[in-house]
Amino acid sequence: MVQMAAIDKADTAWLLVSTVLVLLMTLPGIALFYAGLVRRKNVVNTMVAVFAVAAVVALTWFALGYSLAFSKSSAWLGGLDRAWFSSMRLDAAAGTVSVSHLAPHLPESLYALFQMAFAVITTTLIIGAVVERMRFSALLLFSALWSVLVYAPVAHWVWESDGWLNKLGALDFAGGAVVHVNAGVSALVCAAMLGRRQGYGRQAFEPHSLGWTAMGAALLLIGWFGFNAGSALSADGRAALAMLVTMVAAAAGALSWMLVEWWVRGAPTLLGVLSGLIGGLVAITPAAGFVQVGGAVAIGLIAGVACFWGATWLKRRLGVDDSLDVFGVHGVGGIAGSLLTAVFADRAIAGVDATVLNQLVAVAAVALYSAVGSAILLTLIRVVLPLRVTAQQELDGLDVSLHQESQN
């Protein structure tokens, strides 16, 4: 507990804004982005999945996730002293408030909420790989378990001061490994275990509305400023730099995907520009507080090409029906960005020396844990209930068959 006077009001105000921006990325950002890409008969299911998973993870974070991720216990996992936020106090009469050891200048309630927004969007990203065929009840159960048993431990490894990857010296400013590699690899495993959609590879699955997807991407871009600049946990120069490099990396990613697609396929597309934009944002995330503007441009340019490769050639080679290219963009972009962080990090900004080896260890550890953890969870859930809807439900569309609603 600290005196309220010790709380920095400017930093608190900035993190309040940043938290809202990160939540905006999921609702309505991800909801619109994903709903625009599925077929009309699955729009409602996609949107309700995003909203429902966000609600589930908000509560699992409150119950267990925050404590397991951000309390001191071991190098592998936090303790339970902050389960149900039980140790948080605001004593108005005494003028004291709980703070985290990681942010002693902020109310802990705000720090926990900011981190909750990260847990929410990371889990909802996985939905994009399983849309149009995963049973709704199985998705909710998986999301609840994954947020506690996969996301929280990884967040502890990387962001908690006694986490083993943190001690190793791995750099991840705002979630390249914790968010994007974690969600991307899990998405790939989920898609593989669910199997392909009916007609995959034989029918053209036309997006319901690229306009919706464009609006969702715009909201993601705006929210990403809170995602990256908010991770400075202070209204200072590092936050300003993180915001600047986020913008230039996104622009570079959008243009590099557009140009390579134009060269390969003969035409630039809206979806290509949007995908490159997201790829640039993903890749700059781990580096946002550590690189100069020139490094951010390079990261964005490389990420646009890498994510295009991931969503096309690599996807075909893997043969997995990752419906909305979660692994191709978030997984590949997160891996590229995490490794490039070591290449372009400026010691004068980062304060430490970054090595490609440390970054590679972090990426490999997170990818392996996410893959194995996700596979185990899906295997256990399959014992209790089917993972997929029936063939007829899939053919009819999940909006009507699961929710008795339709988008008209």
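Running Debye on the stretch 223-289 with equal point scatterers at the Cα sites and no solvent, what base-10 log of I(q)/I(0) appears at q = 0.14, 0.15, 0.18 Å⁻¹?
For the requested q values the scattering log ratios are -0.43, -0.47, -0.61.
Let me spell out the model: positive unit charges on the Cβ of Lys and Arg, negative unit charges on the Cβ of Asp and Glu, origin at the Cα centre of the stretch 152-216. What dipole size does that give, in debye rounded to 20? Mind dumping the intermediate values first?
Values: 4 positive and 4 negative charges, 79 e Å.
My answer is approximately 380 debye.
Rg and Dmax of the chain, using alpha carbons, in Å: what are they?
20.3, 68
Cut-off under 17 Å on the C-alpha distance; same-chain residues fewer than 8 positions from LYS41 excluded. Which aspartates and glutamates are left, in chain and number order?
Partners within reach: GLU132, GLU206, GLU394, ASP396, ASP399, GLU405.
With unit charges on the beta carbon (Lys/Arg positive, Asp/Glu negative), name the residue among ILE7, VAL185, ILE302 whose Cα is farthest towards the positive pole of the charge dipole of the chain.
Value: VAL185.
Run through all the Cα pairs of the stretch 1-154 and give the fraction in each 5 Å bin from 0, expressed as whole percent.
2, 9, 17, 18, 17, 14, 10, 6, 4, 2, 1, 0
Dividing the convex hull volume of the Cα atoms of the stretch 10-55 by its residue count, what figure in Å³ per residue is obtained?
Numbers: hull volume 2.3 nm³, N = 46.
It is 49 Å³ per residue.
Carbon-plus-sulfur fraction of the accessible area of the stretch 110-246, 1.4 Å probe, in percent? All intermediate terms of the calculation are to be shown ahead of the outcome.
Working: 2420 of 3710 Å².
With neighbouring chains kept in place, the figure for the stretch 110-246 is 65 percent.
Using the Karplus equation 6.51 cos²θ - 1.76 cosθ + 1.60 (θ = phi - 60°), what ³J(HN,Hα) coupling, rounded to whole Hz, does each residue of the stretch 95-111 give in order, writing x for Gly and Pro?
x, 10, 8, 6, 10, 8, 5, 8, 8, x, 9, 10, x, 5, 4, 6, 4
So what are the radius of gyration and Dmax for the Cα set of the stretch 120-233, in Å?
Computed over the Cα atoms of the stretch 120-233, radius of gyration and Dmax are 16.6, 50 Å.
Accessible area per residue, 1.4 Å probe, Å², for the chain: what's the number? Before the final figure, lay out the partial values.
Numbers: 15270 Å² over 408 residues.
I get 37 Å² per residue for this part.
Mind checking the dipole of the stretch 1-101: about its Cα centre, +1 per Lys or Arg Cβ, -1 per Asp or Glu Cβ, Debye to the nearest 20?
500 debye
Which residue, TYR66, MET88, ILE121, has the largest displacement toward the positive end of the dipole of the stretch 1-138 when charges sit on each Cβ (Lys, Arg +1; Asp, Glu -1)?
Result: ILE121, furthest along the dipole toward the positive end.
If you wrap a convex hull around the Cα atoms of the stretch 278-408, how much volume per residue is inside, in Å³?
Values: hull volume 21.3 nm³, N = 131.
Measuring per residue, one finds 163 Å³ for the Cα hull of the stretch 278-408.
What are the aspartates and glutamates whose alpha-carbon lies under 14 Å from the alpha-carbon of LYS315, with same-chain residues fewer than 8 places away excluded?
Answer for LYS315, where 14 Å is the Cα cut-off: ASP325, listed by chain and number.
Roughly how many debye, to the nearest 20, is the charge dipole of the chain about its Cα centre, given +1 on each Lys and Arg Cβ, -1 on each Asp and Glu Cβ, and no other charges? The partial results should precede the final answer.
Details: 21 positive and 21 negative charges, 181 e Å.
So the dipole magnitude of the chain works out to roughly 860 debye.
The values are calculated or read from the model by the stated rules, or taken from the named source; none is laboratory data. Since the model is a prediction, treat every value here as computed from it, not as a measurement. Note that we place each Cβ from the backbone using ideal geometry, even for glycine, and neighbour counts take in every protein chain shown. These area figures cover heavy atoms from the full protein model, side chains too; ligands, DNA and RNA do not enter into them. Shrake-Rupley method; radii C 1.70, N 1.55, O 1.52, S 1.80 Å.
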